[in-house]
Amino acid sequence: MADTKHFNESFERISEEKRTRILSIAISEFANRGFTSANTNTIAQKAGISVGSLYKYFETKEDFFLTVVDYGITQLEKTLETVLSMDLDFFGKIEKIVRIIQTHSRTNQDIIRLYNEMTTESNYELITRLSGELESLSAKCYIDLIQKAKAEGTIASDVDSNLSAFLLDNIFMTLQFSYATVYYKERMKIYLGDGVFENDEDVVHAVMKFIKRALGAR
């Protein structure tokens with residue numbers, strides 16, 4: 001999880017199984033109902049704990065939400081870190097990320113929907129805290145990856161590393177939402193046809209061609 005903690009020490013003292021159960025149930029509740037409508041009583045009941053216990057672990061509903069989002073996004077970041085540590089060239093890593101997005105987003109839809117909910121949350125203060133804490137790691141990873149590829153001559157030397165990393169992350173984020181949320185799924189079908197979700201290889205090929213041309217692949 002992120003270095004900034006939004007939970008009390010009492011949450012750390014309970015078993016890992018209990019923590020995971022509470023957070024997994026909360027992910028589903030927040031992902032499907034949103035921050036405002038999510039019911040902490042429902043989460044506590046499904047997790048087999050009292051609401052009083054829940055608020056011993058977290059000072060506020062906001063802190064609970066921040067912890068849940070942090071947990072969910074950390075799962076995504078672990079996957080990213082695994083790919084970045086692989087012995088692959090720049091475009092090999094990018095293609096691997098695209099393929100993992102296709103499979104991971106389908107099998108972890110609640111986490112992706114939670115991420116989507118996070119990006120549309122109207123609470124300005126909450127979103128400011130979330131974006132600063134959760135986006136920094138992926139931003140640094142992509143910027144470093146692009147700068148290394150420039151130095152090796154894999155991509156054009158004059159591309160803006162920061163802007164390219166930002167746009168690359170936007171492609172990844174949109175793909176995640178497109179494989180996990182109803183709105184983005186329908187949006188993808190409008191552009192690419194009803195059979196797009198049965199043609200993963202075509203999507204990978206087209207995405208990679210677009211990225212290679214955008215970055216001036218050598």
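Principal axis analysis of the Cα atoms in the stretch 1-68 yields extents of 28, 25, 19 Å, listed in decreasing size. Here the contact order of the chain, divided by its residue count and restricted to Cα pairs under 8 Å and six or more residues apart, works out to 23 percent. Taking a straight Cα-Cα cut-off under 12 Å and skipping sequence neighbours fewer than 8 places away in the same chain, the aspartates and glutamates within cross-link reach of K148 are D89. Annotation: average projected area of the chain is 13.1 square nanometres, based on the convex hull of Cα atoms across all directions. Computed extension length for Q45-A139: 30.1 nm, one decimal, from 0.36 nm per residue of separation with the Cα-Cα distance subtracted.
Just how many % of Cα pairs in the stretch 11-130 lie over 24 Å apart, if you round to the nearest whole percent? Walk me through the intermediate numbers first.
Numbers: 2448 of 7140 pairs.
So the portion of pairs separated by more than 24 Å is 34 percent.
Of the whole protein surface, M86 contributes about 60 Å² of accessible area at a 1.4 Å probe radius.
Pairs exceeding 32 Å between alpha-carbon atoms, taken from K5/K150; K78/K212; K96/K185; K93/K189: K5/K150.
Ignoring lysines fewer than eight residues from K46 along the same chain, the ones with Cα atoms less than 16 angstrom from its Cα are K18.
The values are calculated or read from the model by the stated rules, or taken from the named source; none is laboratory data. Computed from a predicted model, the values in this text were never measured in an experiment. Only protein heavy atoms, including side chains, enter the accessible area calculation; ligands, DNA and RNA are left aside. Shrake-Rupley method; radii C 1.70, N 1.55, O 1.52, S 1.80 Å.
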